[in-house]
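Accompanying notes for the structure given below.
The values are calculated or read from the model by the stated rules, or taken from the named source; none is laboratory data. Remember, predicted model here, so these are calculated numbers, not experimental data. Note that each Cβ is placed from the backbone with ideal geometry, even for glycine, and that neighbours are counted across all protein chains shown.
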Amino acid sequence: MEFLAVHAERDVHGDTRLPDPHQDTFSKNILGFWMYLMTDCILFATLFATYAVLHNSTFGGPSSQDLFRLDTAFIETMILLCSSVTCGFAMLSSLKSKKNQVIAWLMISFLLGASFVAMELHEFRELIQEGNSWTRSAFLSSFFTLVGTHGLHVSIGLFWMIVVIGQLFFSGITIDTFRRLALFSLFWHFLDLIWIFIFTFVYLIGVI
């Protein structure tokens, strides 16, 4: 009985001096963020379904085979995958309380993510300059909406990454900064997974 009382007291008054993903407060935050990610899954599922329905509605304009470049999409995929790996290295370094390594890996992730967004914006600009904007056809409207929504999420993730880097730089690795880093890592890996579906469903199948 005495052991159970001590254990219960530890659960209520957890040791917050070091990051501990098994504490109740941490688990609740992770669960809440997973619920948010599920709502984002519903959003992207709706956009994917819309694209599937409108894929052939070109209104006499170019199709996906005419517009999409698989080599560019593949490079974007590799860049985003590499950023996901470096983000994972940042999490591993945080578990060892190596602040400088965490910041370094996050900075590399930021550069890779920014490169991805730059390539995506360049692709959009080329399409628009060639007269293939989102107003050209229902197919292009659904394409710009789906890929643009993902790009917006990545841009928000880049801003979030800057905030996390700043907090780590000034406060070090604490239970709060570790929790925020863990939540960001979930978000970033989620975006990587969504892009894999976009690359396969939109670009790869669209070109083939």
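Quick check: anything in segment 200-208 under 30 Å from Asn56 (Cα atoms), outside any helix (DSSP H, G or I) and of a type in the set (A, V, I, L, M)? Yes - at least one qualifying residue is present in segment 200-208.
Please work out which residue is nearest to Leu54 (Cα to Cα), limiting yourself to segment 194-206 and to residues that are of a type in the set (A, V, I, L, M) and surrounded by 15 or more Cβ atoms within 10 Å (Cβ to Cβ). Checked segment 194-206; the qualifying residue nearest to Leu54 (Cα to Cα) is Val202. Those helices (runs of 4 or more DSSP H) of segment 58-130 in which at least 2 residues are of a type in the set (Phe, Trp, Tyr), under 15 Å from the mean Cα position of the chain (by Cα) and within 18 Å of Phe190 (Cα to Cα), considering only elements entirely within it, cover 99-129.
Counting only residues that are farther than 17 Å from Ser142 by Cα and of a type in the set (Phe, Trp, Tyr), which one in segment 31-57 is surrounded by the most Cβ atoms within 10 Å (Cβ to Cβ)? Only one residue tops the list, namely Phe33. Among the criteria (1) crowded, with 16+ Cβ neighbours inside 10 Å; (2) touching a Leu at 6+ places or on another chain (Cβ under 9 Å); (3) of a type outside the set (A, V, I, L, M, F, W, C); (4) under 27 Å from Ser27 (Cβ atoms), the one Ser185 does not fulfil is (2). Selection of first residues in segment 92-115 that are touching a residue at least 12 places away in the same chain (Cβ under 8 Å) and of second residues that are outside any helix (DSSP H, G or I) and among the aliphatic types (A, V, I, L, M), restricted to Cβ pairs under 6 Å at least 6 apart or on distinct chains, gives the following pairs, ordered by first then second residue: Ser94/Ile173; Ser97/Ile173; Lys99/Ile173.
Of all the listed residues (Leu158, Leu168), the sole one being surrounded by 15 or more Cβ atoms within 10 Å (Cβ to Cβ), aliphatic (A, V, I, L, M), part of a helix (DSSP H, G or I) and more than 15 Å from the chain's Cα centre (by Cα) is Leu168. Just one residue in the set Phe74, Phe68 is surrounded by fewer than 16 Cβ atoms within 10 Å (Cβ to Cβ), touching a residue at least 60 places away in the same chain (Cβ under 8 Å) and of a type in the set (A, V, I, L, M, F, W, C); that residue is Phe74.
Given the criteria part of a helix (DSSP H, G or I), among the charged types (D, E, K, R) and modelled with pLDDT under 95, does Asp11 qualify?
Values: part of a helix (DSSP H, G or I): yes; among the charged types (D, E, K, R): yes; modelled with pLDDT under 95: yes.
Answer is yes for this residue.
Scanning segment 128-147 for residues that are of a type in the set (A, V, I, L, M, F, W, C), in contact (Cβ under 8 Å) with a residue 24 or more places away in the chain and surrounded by fewer than 19 Cβ atoms within 10 Å (Cβ to Cβ) yields a single hit, Ala138.
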